[in-house]
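Student: Questions regarding the structure given below will be posed in turn.
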Amino acid sequence: MSDVAAAPSQSGTVRFLRRFRRQTLSLWALGFLIVLTLLAVFAPWVAPYDPLQQDLDHVLEGPSADHWFGTDELGRDVLSRVLFASRVSLLAAVQAVLIALAIGVPPGLVAGMWGGWVDALIMRATDALMSFPPLILAVAIIAVLGPSLTNAMIAVGVLLSPTFLRLMRATTLSVAQETYVEAAQSIGCTRGWIIRKHVLPNVVSPLFVQISVFAGVAMLAEAGLSFLGLGTQPPESSWGAMVGRGFRYIAHAPSLIVFPGLAIAVTVLALYVLGDGLRDSLGRETRQES
Amino acid sequence: MSDRPLLEVRDLTVQFQLGGGLFAPKRTLTAVNGVSFEVMRGETLAIVGESGSGKSTIARAVMRLLEPAAGTVHLDGDNLTALSGAALRAVRPKLQMVFQDPYSSLDPSKLIADIVAEPLVVHGRARGGDAAALDRTVQTLLEQVGLGAVHMNRYPYEFSGGQRQRIAIARAIALEPKLMVLDEAVSALDVSTQNQILNLLEDLRTRTGMAYLFISHDLGVVQHVADRVAITYLGRIVETGPAARIFGSCAHPYTQALLSAVPEPNPRRQRARRHQPLAGEIPSPLAPPSGCPFHARCPHAMDVCRREMPAHTAVDGGGSVACHLQTEGPRLAGKPLAADTPTPP
């Protein structure tokens, strides 16, 4: 029994890293997101101006050497405001995804493992949730809870949760059919042990892909809701809220919406590209080719 | 050693509900129909049948991976069919299973060491969390199946089918079971690997005195390993007996057809043999035929076969057979069929 290849044994993580390294575009996206996160964390030190400091002598100016992204209607530096707004936008996306995960993953696992009427009940409830028009549901949730960024993100999280639920249910269903789950049962493992030790480790990969893509979706939703005035409330600002307020001066100073708009577009694109790269590197590998 | 069988299965029936949607009527499929058999300590009982005969379902019902609709399974005095939850988990160490497909029976996300150690950990036999002692135990188990310490920190995808099946066997013997259920355990392997695994199983049996419930469709393999054989057809046992009697003078026409399909290594003898291919397919268990389930494909079918289910009658040389030819028809009771030319019914 010595016909095992002498290649060093690789854990799942090592294999994933080896494959991910080949995804150049995803590496760029990941690099961009890391830089963006660092900029958001260190915004007070990086930003050239105080984002709230008004300068009424220089309002609605275009990009210049002093103000790279121009100034807004109160003479505030747009670059500093974009940097500070990134904290709100990123945090909002994380919040929404965490809420969606918390609402969607456990019932998805339960539905996939238990099946039968439990599954039917959970899936019909999900169908009911998905049959609401998303914007109306978001507005309704915010109307009940009051307009604030957290409430807007709860609404977005609730709206995104059915997809996580369905994804978890589908992957759990297929893993639950695997013989190794039956084998674990025959050994005498409890259902909780099987879910924790055998099902969860084998269903998280597709989840990572979805998280990355949904962070982008959540960011877009936050931007949309803040644009409508249902999300971020002044003096706090997110990219969406900046576009919403800059919208009024679109003819005089297009730079007011161009830069936060670009920030949204590039970040969402980076998240999608990262999601694609993750999907390609996390795919099930059965046997090494080399 | 006591005379009581280690495993005693009585009138086991397993049914599946099909359909049952909003508009589809519910249909009941009887996969296993009133099956009884026993396995003595240290004995190998082979359950043989073609696809759809219910042999794997029997294995899963014995393992309590499926809920039987009726019947009892006694293992070493415990009524498995009456147990559930923690009480059932407590007796699981006594019976372990090796599955057909070694590619899906090992969790791809786990190291070999963790896979083999899992039964010990789950049943609290990991000696108080002493990692080094557990490692040594796992190593001993792997050595017993012809692997070693170098394989412990590898993942299942790094192994061939035969090696994976060895790992599955190491996991199954970790709890020192009294009965091992082998569900087509060598069917997915190529012939030379099959032989290695069969030798390993024989080796383990002589060393530990385990009993095997050996599920297979391959009579050629069964001939090498079985002490006794039970032939299943459409969810019923049609013939049982000591392996020597089954392979020497079988009594059921279905067994005969199965045996004639086993290739003979000697070409001269192979050519001289009268091959009786079975016509048609195994009937659907959703619409089982009346009378004897085999009558539609039986070369000796008589009127009575279409009307009445044959009862099990004892056969010279041990075992029993459920066939009307034993009691009536053109042949006299109990006369072996193999020597005769089939006459039209």
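Student: Answer yes if at least one residue in the range A:178-188 is among the hydrophobic types (A, V, I, L, M, F, W, C) and open to solvent by 20 Å² or more (accessible area, probe 1.4 Å), and no otherwise.
Tutor: Within the range A:178-188 (the criterion being among the hydrophobic types (A, V, I, L, M, F, W, C) and open to solvent by 20 Å² or more (accessible area, probe 1.4 Å)), the answer is no, since none of the residues qualifies.
Student: Another question, if that's okay. Which one of the conditions (1) part of a helix (DSSP H, G or I); (2) open to solvent by 40 Å² or more (accessible area, probe 1.4 Å) does A:Ser89 fail to meet, given that it meets all the rest?
Tutor: The failed condition is (2).
Student: Which condition number does B:Tyr157 fail, the rest of (1) more than 9 Å from chain A (Cβ to nearest Cβ); (2) assigned to a helix (DSSP H, G or I) being met?
Tutor: (1)
Student: Another question about this same structure. Is there a residue being among the hydrophobic types (A, V, I, L, M, F, W, C) and assigned to a loop (DSSP other than H, G, I, E, B) anywhere in the range B:212-225?
Tutor: Looking through the range B:212-225, none of the residues is among the hydrophobic types (A, V, I, L, M, F, W, C) and assigned to a loop (DSSP other than H, G, I, E, B).
Student: Kindly indicate whether any position in the range A:242-256 is buried (at least 18 other Cβ atoms within 10 Å of the Cβ) and either within 14 Å of chain B (Cβ to nearest Cβ) or under 19 Å from A:Ala138 (Cβ atoms) (or both). Walk me through how you get there before you give the answer.
Tutor: If we filter the range A:242-256 for residues that are buried (at least 18 other Cβ atoms within 10 Å of the Cβ), which is where we start, we get A:242-246, A:253, A:255-256.
Of the ones still in play, those that are also either within 14 Å of chain B (Cβ to nearest Cβ) or under 19 Å from A:Ala138 (Cβ atoms) (or both) are A:243-244.
The answer is yes, given that some residue of the range A:242-256 is buried (at least 18 other Cβ atoms within 10 Å of the Cβ) and either within 14 Å of chain B (Cβ to nearest Cβ) or under 19 Å from A:Ala138 (Cβ atoms) (or both).
Student: Between a residue in the range B:71-83 that is modelled with pLDDT of 85 or more and any residue that is in a helix (DSSP H, G or I) and open to solvent by 40 Å² or more (accessible area, probe 1.4 Å), which pairs come within a Cβ distance under 8 Å, given they are 6 or more apart or on different chains?
Tutor: Hits for this filter: B:Thr72/B:Ala82; B:Leu75/B:Lys94; B:Asp76/B:Lys94; B:Asp78/B:Lys94.
Student: Kindly indicate the residue of the range B:101-151 that is free of Cβ contacts under 8 Å to residues at least 12 places away in the same chain and open to solvent by less than 30 Å² (accessible area, probe 1.4 Å) and also nearest to the other protein chains (Cβ to nearest Cβ) among those meeting that condition.
Tutor: The residue in question is B:Ser104.
Student: Based on this model, can you work out whether B:Gln270 counts as modelled with pLDDT under 80, outside any loop (DSSP other than H, G, I, E, B) and over 20 Å from B:Thr57 (Cβ atoms)?
Tutor: yes
Student: Another question about this same structure. Would it be correct to say that A:Ala96 is of a type in the set (Gly, Ala, Ser) and touching a Leu at 6+ places or on another chain (Cβ under 8 Å)?
Tutor: Here the answer is yes, as A:Ala96 does meet what is asked.
Student: Now for a different question. If you scan the range A:158-185, which residues turn out to be at pLDDT below 90 and small (Gly, Ala, Ser)?
Tutor: A:Ser174, A:Ala176
Student: Can you tell me which residues in the range B:90-100 are open to solvent by 40 Å² or more (accessible area, probe 1.4 Å), touching a residue at least 12 places away in the same chain (Cβ under 8 Å) and closer than 15 Å to A:Gly188 by Cα?
Tutor: Matches in the range B:90-100: B:Lys94 only.
Yes/no per residue for (1) over 19 Å from B:Gly54 (Cα atoms); (2) surrounded by 15 or more Cβ atoms within 10 Å (Cβ to Cβ); (3) of a type in the set (Phe, Trp, Tyr):
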residue: B:Glu239; (1), (2), (3): no, yes, no
residue: B:Ala244; (1), (2), (3): yes, yes, no
residue: B:Ser260; (1), (2), (3): yes, yes, no
residue: B:Arg269; (1), (2), (3): yes, no, no
residue: B:Ser284; (1), (2), (3): no, no, no
residue: B:Pro293; (1), (2), (3): no, yes, no
residue: B:Met302; (1), (2), (3): yes, yes, no
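Student: Among the numbered conditions (1) assigned to a helix (DSSP H, G or I); (2) surrounded by fewer than 22 Cβ atoms within 10 Å (Cβ to Cβ); (3) in contact (Cβ under 8 Å) with a residue 60 or more places away in the chain, tell me where A:Gly112 comes up short.
Tutor: Failed condition: (2).
Student: Also, I was wondering about something else. Which of the residues belonging to the range B:70-89 are surrounded by fewer than 17 Cβ atoms within 10 Å (Cβ to Cβ) and either away from chain A (no Cβ under 14 Å) or over 18 Å from B:Leu6 (Cβ atoms) (or both)?
Tutor: Passing the criteria: B:Ala70, B:Thr72, B:Gly77, B:Asn79, B:Ala82, B:Ser84, B:Gly85, B:Ala86, B:Ala87.
Student: Inspect the range A:159-176 for any residue being facing chain B (nearest Cβ under 8 Å) and surrounded by fewer than 21 Cβ atoms within 10 Å (Cβ to Cβ) and give the result as yes or no.
Tutor: The answer is no, given that none of the residues of the range A:159-176 is facing chain B (nearest Cβ under 8 Å) and surrounded by fewer than 21 Cβ atoms within 10 Å (Cβ to Cβ).
Student: Moving on to the next point. Among the residues of the range B:43-63, are any part of a strand (DSSP E or B), in contact (Cβ under 8 Å) with a residue 24 or more places away in the chain and surrounded by fewer than 16 Cβ atoms within 10 Å (Cβ to Cβ)?
Tutor: Checked against the condition, which is being part of a strand (DSSP E or B), in contact (Cβ under 8 Å) with a residue 24 or more places away in the chain and surrounded by fewer than 16 Cβ atoms within 10 Å (Cβ to Cβ), the range B:43-63 yields no hits at all.
Student: Further question: Given the conditions (1) open to solvent by 10 Å² or more (accessible area, probe 1.4 Å); (2) under 25 Å from A:Ala125 (Cβ atoms); (3) within 14 Å of chain B (Cβ to nearest Cβ), and given that A:Val203 satisfies all but one, which numbered condition is not satisfied?
Tutor: (1)
Student: Moving on to the next point. Do we find a residue being touching a residue at least 40 places away in the same chain (Cβ under 8 Å), open to solvent by 10 Å² or more (accessible area, probe 1.4 Å) and within 12 Å of chain A (Cβ to nearest Cβ) anywhere in the range B:205-223?
Tutor: No - not one qualifying residue is present in the range B:205-223.
Student: Could you give me the residue pairs with C-beta distances under 7 Å whose first residue belongs to the range A:12-29 and is touching a residue at least 12 places away in the same chain (Cβ under 8 Å), whose second residue is part of a helix (DSSP H, G or I) and charged (D, E, K, R) wherever it lies, and which are 6+ apart or on separate chains?
Tutor: A:Gln23/A:Asp280; A:Ser26/A:Asp276
The values are calculated or read from the model by the stated rules, or taken from the named source; none is laboratory data. The shown structure was predicted, so the numbers you read here are calculated from the model rather than taken from an experiment. Backbone-built Cβ (ideal geometry, glycine too); neighbour counts: all protein chains shown. When the accessible area is computed, the model is the full protein with side chains, heavy atoms only, and any ligands, DNA or RNA have been set aside. Shrake-Rupley method; radii C 1.70, N 1.55, O 1.52, S 1.80 Å.
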